[in-house]
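FYI, it's all coordinate maths here, none of it is from the lab. Worth saying up front: this structure is predicted, and the values here are computed from it rather than measured. For neighbour counting, all protein chains shown are included, and Cβ atoms are generated from backbone atoms with ideal geometry for every residue, glycine included.
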Amino acid sequence: MFKKIQNIDNSILSSIAKLRTPILDKFMIFITNLGSSGSVWLLFGLILLFIRGYRKKGAEIFVTVGLAALMSESILKNIIRRARPCDKDPYELLLIPRPSSYSFPSGHTTSSFATAYVVYKTFLELNCVFVALALFLAFLISFSRLYLKVHYPSDVLAGIILGIFCGLTVLRIF
C-alpha cells in the first residue's frame, strides 16, 4: 500500500515539475516564505489582537499555529521520519534552502489549514471574500511545497487533515 501511495506521489510531483517557469519559481518562493513558521498567520493573529471584538480570535490563531507546529514539526515528523522528495538526489538544486526536518506531514500546510479553518468558522457569516482569501492562500502555500519539491502530495494531504483537526480542537477549547 505504501509503495502505491509513493508511486502516486511521484507521478503527481513529476506532473507539477512540468509547470516550472522562472516567474512561477519566484512566485512560489515568495508564497512558501509567507508560510514559513506560520508567519503570515501569526501576523494576521497579531493584527486581530489589536482590533476590539477580535482579540479572542487573535489569541485563538496564535494557539492554533502553536498546536499545528507542535503536532506536525515536533511530534509526527519525528515519529514517522519520512525523507523529503529532494532527499532522493542530494545534488539536486533547490530553489529554497534544503529543509533539515522530515517530510511528513507538511508543517506549512498544517499551520495554513489550521488557521484557515479558524478563519472559516469565525468569518464565514461576516465576510465570504475574506474566508475565500484565507483558503486560497492556504492552498497556494501548500501547493508551493509541492512545486518546490520539498513535500510529497500525501504530506500535504496529511497536513490539511491535521490542520483542520488542530483548528477544530482550538475552537472547542476556547
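Some observations on this one:
- Options (i) 122; (ii) 106; (iii) 198 - which one matches volume of the Cα convex hull per residue in Å³ as calculated here: (i)
- Nearest 10 degrees, 0 to 90: helix 107-123 Cα axis against the chain principal axis: 30 degrees
- Residue pairs, from the table Lys26/Lys77; Lys18/Lys149; Lys57/Lys121, whose Cα atoms sit over 20 Å apart: Lys26/Lys77
- With a simple spin-label model that places each label point 7 Å from the Cα along the Cα-to-Cβ direction, the separation between Lys18 and Lys121 comes to 4.0 nm.
- Signed unit charges on C-beta, dipole axis of segment 4-65, positive-most listed residue Gly58, Pro22, Asn33: Gly58
- For peptides 13-19, 132-138, 102-108, sequence by mean Cβ density within 10 Å, most packed first: 102-108, 132-138, 13-19
- Taking the longest Cα principal axis of the chain as reference, the axis of helix 55-69 is set at about 20 degrees.
- In terms of surrounding Cβ atoms within a 10 Å radius of their Cβ, Met28, Met1 rank from fewest to most as Met1, Met28.
- Dipole magnitude of the chain about its Cα centre (Cβ charges: Lys, Arg +1; Asp, Glu -1), debye to nearest 20: 120 debye
- Remark: segment 91-174 carries a charge dipole of roughly 80 debye about the Cα centre, counting +1 on each Lys and Arg Cβ and -1 on each Asp and Glu Cβ.
- Principal-axis tilt of helix 128-147 within the chain, Cα atoms, nearest 10 degrees: 20 degrees
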